[in-house]
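**Q** Here's a structure for you.
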């Protein structure tokens, strides 16, 4: 069992601000520190077809990737490290496609 981290007792301390401002501060903190979500997409041939082979989460210090069939889970140093694991010869190339609110952006394998 992991012990809880030691924190100062907040009993008796005044709130920093009202609830709405505190919620806004928390939302900003989450937005700034959220890991980035991406898909590992396999492209067949020259834009003949494609499929999502895995999903990943990029943290500042590492990346977690899980295949869509749940057969493999990987912990990698960076999202780009997944590209070689999902590329096969010249016929199947992998690309990282970042999930964004307005669509997606891709990083192709060389």
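**Q** Being at pLDDT 90 or above, in contact with a strand residue (DSSP E or B) (Cβ under 8 Å, 6 or more places away or on another chain) and either closer than 30 Å to residue 98 by Cβ or not in a loop (DSSP other than H, G, I, E, B) (or both): is that true of residue 39 here?
**A** On the way: at pLDDT 90 or above: yes; in contact with a strand residue (DSSP E or B) (Cβ under 8 Å, 6 or more places away or on another chain): yes; either closer than 30 Å to residue 98 by Cβ or not in a loop (DSSP other than H, G, I, E, B) (or both): yes.
It is true that residue 39 is at pLDDT 90 or above, in contact with a strand residue (DSSP E or B) (Cβ under 8 Å, 6 or more places away or on another chain) and either closer than 30 Å to residue 98 by Cβ or not in a loop (DSSP other than H, G, I, E, B) (or both).
**Q** Here is a further query. Name the single residue that is nearest to the chain's Cα centre (by Cα) among those in the stretch 73-87 being within 16 Å of residue 52 (Cβ to Cβ) and surrounded by 12 or more Cβ atoms within 10 Å (Cβ to Cβ).
**A** Going residue by residue through the stretch 73-87, those that are within 16 Å of residue 52 (Cβ to Cβ) are 73-74, 79, 82-83, 85-87.
This time we only want the ones that are surrounded by 12 or more Cβ atoms within 10 Å (Cβ to Cβ), so: 74, 79, 82-83, 85-87.
Numbers: 74: 13, 79: 9, 82: 12, 83: 15, 85: 17, 86: 17, 87: 20 Å.
Once the filter is applied, the top-ranked residue is 79.
**Q** Just a yes or no: is a residue in the stretch 8-19 touching a strand residue (DSSP E or B) at 6+ places or on another chain (Cβ under 9 Å) and over 20 Å from residue 93 (Cα atoms)?
**A** At the first step, the residues of the stretch 8-19 found to be touching a strand residue (DSSP E or B) at 6+ places or on another chain (Cβ under 9 Å) are none.
No, the stretch 8-19 contains no residue that is touching a strand residue (DSSP E or B) at 6+ places or on another chain (Cβ under 9 Å) and over 20 Å from residue 93 (Cα atoms).
**Q** Another question about this same structure. Please count how many residues of the stretch 38-47 are closer than 15 Å to residue 82 by Cα and loosely packed, with under 13 Cβ neighbours inside 10 Å. Steps first, answer last, please.
**A** Going through the stretch 38-47, the residues closer than 15 Å to residue 82 by Cα turn out to be 38-43.
From the residues that got through so far, the ones that are loosely packed, with under 13 Cβ neighbours inside 10 Å too are none.
Final tally of qualifying residues: 0.
**Q** Ok, one more. Which number in (1) part of a strand (DSSP E or B); (2) surrounded by 12 or more Cβ atoms within 10 Å (Cβ to Cβ); (3) free of Cβ contacts under 8 Å to residues at least 24 places away in the same chain marks the one condition that residue 22 misses?
**A** (1)
**Q** Oh, and also: Which of (1) under 17 Å from the mean Cα position of the chain (by Cα); (2) surrounded by 15 or more Cβ atoms within 10 Å (Cβ to Cβ); (3) free of Cβ contacts under 8 Å to residues at least 12 places away in the same chain does residue 50 not meet, given it meets every other one?
**A** (1)
**Q** Given the conditions (1) more than 23 Å from residue 92 (Cβ to Cβ); (2) touching a helix residue (DSSP H, G or I) at 6+ places or on another chain (Cβ under 8 Å); (3) touching a residue at least 24 places away in the same chain (Cβ under 8 Å), report the number of the one that residue 65 does not fulfil.
**A** Result: residue 65 fails condition (1) only.
**Q** Let me ask another. Would you mind stating whether residue 61 is at pLDDT 95 or above, touching a strand residue (DSSP E or B) at 6+ places or on another chain (Cβ under 9 Å) and assigned to a loop (DSSP other than H, G, I, E, B)? Reasoning before the result, please.
**A** Details: at pLDDT 95 or above: yes; touching a strand residue (DSSP E or B) at 6+ places or on another chain (Cβ under 9 Å): no; assigned to a loop (DSSP other than H, G, I, E, B): yes.
Taking the combined requirement at face value, the residue does not satisfy it.
**Q** Within the stretch 16-36, work out how many residues are modelled with pLDDT under 90 and over 28 Å from residue 75 (Cα atoms).
**A** Adding up the residues that qualify gives 1.
**Q** Go through the stretch 6-19 and give me each residue that's surrounded by 10 or more Cβ atoms within 10 Å (Cβ to Cβ) and part of a helix (DSSP H, G or I).
**A** If we filter the stretch 6-19 for residues that are surrounded by 10 or more Cβ atoms within 10 Å (Cβ to Cβ), which is where we start, we get 17.
Hits for the stretch 6-19: nothing passes.
The values are calculated or read from the model by the stated rules, or taken from the named source; none is laboratory data. This is a predicted model, so every value here is computed, not measured. Here the Cβ is made from the backbone with ideal geometry for all residues, glycine too, and neighbour counts use every protein chain on show.
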